[in-house]
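Inspection log for the structure reproduced underneath, given as structure tokens.
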Amino acid sequence: MEQFQPDRLSPAQVAAMRRSIRGGRAALTRRSLLRSGAGGLLAVGGLGALGACGIPPAGTEQGGVPAEDHSEKDRTVNFSNWTEYMDVDDGGGRRHPTLEEFTRRTGIRVTYTEDINDNSEFFGKIQAQLAAGQETGRDVMVLTDWLAARLIRLGWVQKLDPANLPHAFTNLSPQFRNPDWDPGRAYSYPWQGISTVVAYNKKALNGIEVRSVSDLLDNKKLKGRVGFLTEMRDTIGMMLLDMGKDPARFTDDDYDAAVARLQKGVDTGQIRRFHGNDYTSDLTKGDLAACLAWAGDIVQLKADSPDVDFVIPESGYITSSDNLLIPNRARHKTNAERLIDYYYEPVAAARLAAYINFVCPVEGVKRELAKIDPDAAENPLIIPDEEMRAKSHAFRSLSAKEETVYEEKFAKLTGA
């Protein structure tokens with residue numbers, strides 16, 4: 001048996017990354033890609049090298065490495081983000097009103113770059129520089145929680161200065177305050193939340209009630225018409241909740257039991273397929289009667305298709321986050337912190353939420369959002385109420401060994 005190596009990616013992990021790029025949450029949930037149905041920007045060539053060279057093992061509790069802060073004399077900040085993950089002007093141009101307002105108020109010019117198409121691909125861009133203790137040319141970047149956790153463990157991002165983040169500290173939603181990979185948000189703040197829900201097509205159900213993940217697996221009338229996500233944490237997390245297990249504290253046996261339940265659904269033909277964002281077309285047409293889905297997609301689908309709706313199971317749902325982090329050697333750390341803090345002011349947060357339609361992590365934003373889009377302000381997929389927040393759960397951080405073993409088992413289940 002091959003010896004486990006914590007500094008290398010297994011074939012299953014590389015396959016999971018390729019799944020994410022081609023059809024997973026990372027590739028297609030951004031608003032413009034959902035509208036256009038485009039296939040996303042693929043850049044998978046770097047994955048082979050990433051697996052071959054290995055990722056350094058998780059580091060110690062050390063903080064990141066600062067550089068001389070040029071914020072005072074160089075009034076700029078370099079911001080890397082995902083495509084279409086920022087508000088734009090009503091004319092459909094490429095102006096970003098909230099960024100322009102930040103510059104007017106602070107005098108800090110934002111060099112904004114949409115150069116993140118996938119977490120793993122982006123990690124390949126910056127890995128060598130960070131490992132060598134060099135600057136990346138970026139002051140702030142947006143990464144999904146599992147990669148944010150990895151960079152924090154490696155000591156490759158800087159600890160934030162609370163003195164520069166008064167709005168963020170005050171207005172961060174309790175739902176996002178204490179992830180196990182960054183307790184108290186010492187190194188990161190959420191940009192947006194991403195929730196996994198049960199979606200369905202009312203016409204395709206034809207009176208069948210779907211209220212839980214168990215309904216997807218157990219109702220024989222839905223045989224061959226249900227789908228689960230190719231993202232391991234989302235599908236297994238929802239399965240664990242349905243089984244009465246806590247995704248923040250599950251064991252290997254719990255994980256295996258969740259996989260076994262799903263395997264039965266595969267073997268009996270109950271599960272039509274495991275899908276990335278390509279479920280949106282099948283759900284709208286009714287080829288999928290019900291499936292696991294990402295809330296940001298469903299907000300948009302509901303606006304275009306009256307047959308599409310969703311339910312939050314009584315057992316709860318999985319929420320992850322995309323997060324703002326400052327890499328080591330960033331030259332404008334204070335300016336980056338001021339930008340992070342700005343997006344925790346309710347007015348700026350509302351403008352962003354009205355365009356993006358993901359889960360807004362800012363308390364007090366509902367009143368401001370109602371001035372822009374009353375429907376969005378009342379949508380629990382964008383502004384969760386207390387009852388919905390109480391049902392939100394995070395998938396716990398995994399050790400390098402766990403991630404390898406779990407992805408291997410999930411790959412076998414999904415046929416990846």
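Please label the shape of region 245-397 as rounded, prolate or oblate, based on the square roots a ≥ b ≥ c of the eigenvalues of the alpha-carbon gyration tensor (a/c under 1.5 means rounded; beyond that, a/b larger than b/c means prolate, else oblate). It comes out oblate by the Cα gyration axes. Backbone phi angles across region 294-308, fed through the Karplus curve with coefficients 6.51, -1.76 and 1.60 (θ = phi - 60°), yield HN-Hα couplings of 9, 4, x, 5, 5, 4, 6, 5, 4, 5, 9, 9, x, 7, 8 Hz in residue order; Gly and Pro are listed as x. Taking amide H as placed 1.01 Å from N in the peptide plane, Asp69 has no amide H partner under 5 Å among residues 5 or more places away or on another chain. Legend: residue pairs Lys245/Lys366; Lys333/Lys391; Lys202/Lys391; Lys333/Lys371; Lys202/Lys412; Lys285/Lys401, Cα-Cα distance threshold 29 Å; pairs beyond threshold, Lys245/Lys366; Lys333/Lys391; Lys333/Lys371; Lys202/Lys412; Lys285/Lys401. The aspartates and glutamates within cross-link reach of Lys73, meaning a Cα-to-Cα straight distance under 12 Å and a gap of 8 or more places when in the same chain, come to none at all. In the context of the full set of protein chains, region 105-154 has a per residue accessible area of 33 Å² (1.4 Å probe). Only protein atoms count toward the accessible area here, which uses a 1.4 Å probe; on region 294-386, the carbon and sulfur part of that area reaches 45 percent. For region 314-328, backbone phi angles converted through the Karplus equation (6.51, -1.76, 1.60; θ = phi - 60°) give residue-by-residue couplings of 4, 6, x, 8, 9, 10, 10, 8, 9, 10, 8, 9, 10, x, 4 Hz, Gly and Pro being listed as x. Under a 5 Å amide H to amide H cut-off, with H placed in plane at 1.01 Å, what residues pair with Gln158 once short-range neighbours are removed? Correct list: Ile326, Asn328. Backbone geometry of region 225-238 corresponds, through the Karplus equation with coefficients 6.51, -1.76 and 1.60 at θ = phi - 60°, to 3J(HN,Hα) couplings of 10, 10, x, 10, 7, 7, 7, 4, 5, 6, 5, 5, x, 5 Hz, x marking Gly and Pro. Computed with a 1.4 Å probe over protein heavy atoms only, the accessible surface of region 337-416 comes to 43 Å² per residue.
The values are calculated or read from the model by the stated rules, or taken from the named source; none is laboratory data. From a predicted model like this one, the values you see are computed outputs, not experimental measurements. Areas reflect the complete protein model, heavy atoms only, side chains present, ligands, DNA and RNA absent. Shrake-Rupley method; radii C 1.70, N 1.55, O 1.52, S 1.80 Å.
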